[in-house]
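A quick write-up on the structure given underneath.
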Amino acid sequence: MIELLALPFLACLVLTGIHAYLGLHVLARGVIFVDLALAQVAALGLTVALLAGHPPASAAAYWYALAFAVGGGLLFALTRVRQAPIPQEAIIGVVYAVSAALTVLVVDRAPQGAEHIKQLLVGSILTVSAADVASLAGLYAAVGLVHWLARGPMLAISFGNSREGGGRRVAVWDALFYVSFALVITSSVRLAGVLLVFAFLVVPAAIAALLARGVGARLALGWSTGGLVSALGLLASYRWDLPTGATVVAAFGAALAVTAAARGARAASAAVRARGAAALTPAGLVLAALVALAGALLTVFPAMDHPWLDALERAAPTVQETFLTPTERRVRRESLEAIARGEGELRGARALQQDVAWGTRTLDDAQREQLRQFLAGRSEISAGDRMVLGTLRGKARQRQRYWIGLPLVGAGAGVLLMLGRRRGR
């Protein structure tokens, strides 16, 4: 495992190093989607190069992408300085949408267009080489040196109020920022794809902004967060045999959600200490409304999905079994046992398939075909057992609508009325 993930992890560290810093500038300037826009413009350049007959990994394709991205960056620098009736964020959105549409139109004329779009979105960080990591590290070190030498005006424009000064000096520094930004994005998208590059840029900086003050503290926290979340995402990808880029992006999203939830809980705790239980009244109103809504949906639409009730039944199966006949309960238990047996067999077969995919075990062609057929057949059997469970769940829902749904409506409405009166006093 270490041999397979070492280089991708190093690549993630290199990406974190430069993108966490640029992300602080992006958040401070309020141009959150400039990364997606420039990445899409670079992707359009790559697609045009592909249509012109250049391989995606060729130097010519890189220069196509860089030229397109630099052009987009200079456009954003110009629209930031000039006062215009259209906000810069709107211009960024238009550039992204038009670039994406043009990419689709161009790639429609290119061979293997769908595969090319997938590659642009998720990249191939798992197959990165030592030379790729070294070249990126050198390039990003040079960009970082430029930003370090120009840190005074760069930080003043992003975190201060230098825009009001206007003039050519701000335009020059903005042009330098966006051109270097385009260079970084173009190089990163080739390796990691649009989605992962956006995650590296925004999420570590956003988490740092939630937890720390000052550029230095936020940068250190962004670097540490990016490295830790990258490691967790790579490990999850290996453990569950998931697409690497998409898994790392999901890990970044989960990290941001956990951070925001923890910060919200801390703020709520402080409010309770300061104002007592009255500080929880808004949360109580929201919770009561959700309870009433969940009960109403169960009562009126029992056949729709009710995730909260599914979770409750998984934790306490008697919640569903109480509303089934003895025969239905017996069929449910037999189906659950069959699914458990099938999942055990599938886990073993998928583990073997994963070992073969990662190269730790070998199978001949006949054995691979047998494994594929077994997985397909066993999955179909398990799907049939789950269909039985779904039918039984539907019967239970028809009975639960009266015994669970209506009481929830009454309880939620009662709490809403009580808290509303208390708040109005």
_Subset tally (residues that are aromatic (Phe, Trp, Tyr) and surrounded by fewer than 24 Cβ atoms within 10 Å (Cβ to Cβ)) for segment 193-216_ = 1
_Yes or no: segment 56-69 includes at least one residue that is surrounded by 19 or more Cβ atoms within 10 Å (Cβ to Cβ) and either under 24 Å from the mean Cα position of the chain (by Cα) or at positive phi (or both)._
yes
*For Gly264: the one exception among (1) within 30 Å of Leu5 (Cβ to Cβ); (2) in a helix (DSSP H, G or I)*: (1)
*For segment 214-224, which residues satisfy the criterion of being under 23 Å from Leu10 (Cα atoms) and either out of contact with any helix residue (DSSP H, G or I) (no Cβ under 7 Å at 6 or more places or on another chain) or without any contact (Cβ under 8 Å) to a residue 40 or more places away in the chain (or both)?*
Gly216, Ala217, Ala220, Leu221, Ser224
*Of the residues that make up segment 106-126, is at least one at pLDDT 75 or above and out of contact with any helix residue (DSSP H, G or I) (no Cβ under 9 Å at 6 or more places or on another chain)?*
no
*Could you tell me whether Leu5 is crowded, with 17+ Cβ neighbours inside 10 Å and either of a type in the set (A, V, I, L, M, F, W, C) or modelled with pLDDT of 85 or more (or both)?*
yes
*Please work out if Leu102 is over 21 Å from Leu50 (Cα atoms) and at pLDDT 65 or above.*
no
*Subset of segment 142-163 [in a helix (DSSP H, G or I), farther than 21 Å from Leu66 by Cβ and of a type outside the set (A, V, I, L, M)]*: Trp148, Arg151, Gly152, Pro153, Ser158, Phe159, Ser162, Arg163
*Considering segment 333-365 alone, what residues qualify as being over 32 Å from the mean Cα position of the chain (by Cα) and in a helix (DSSP H, G or I)?*
Arg333, Glu334, Ser335, Leu336, Glu337, Ala338, Arg341, Asp365
*Among the residues of segment 366-401, write down those that are in contact (Cβ under 8 Å) with a residue 24 or more places away in the chain, within 17 Å of Gly344 (Cβ to Cβ) and over 32 Å from the mean Cα position of the chain (by Cα).*
Phe374, Ile381, Asp385
*Any chance you could count how many residues in segment 127-141 are surrounded by 12 or more Cβ atoms within 10 Å (Cβ to Cβ) and in a helix (DSSP H, G or I)?*
9
*Sort out which residues of segment 220-253 are closer than 23 Å to Gly144 by Cα and of a type outside the set (A, V, I, L, M), and write them in order of number.*
Gly222, Trp223, Ser224, Thr225, Gly226, Gly227, Ser230
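The values are calculated or read from the model by the stated rules, or taken from the named source; none is laboratory data. Worth saying up front: this structure is predicted, and the values here are computed from it rather than measured. Here Cβ is always computed from backbone atoms with ideal geometry, including for glycine, and neighbour counts include all displayed protein chains.
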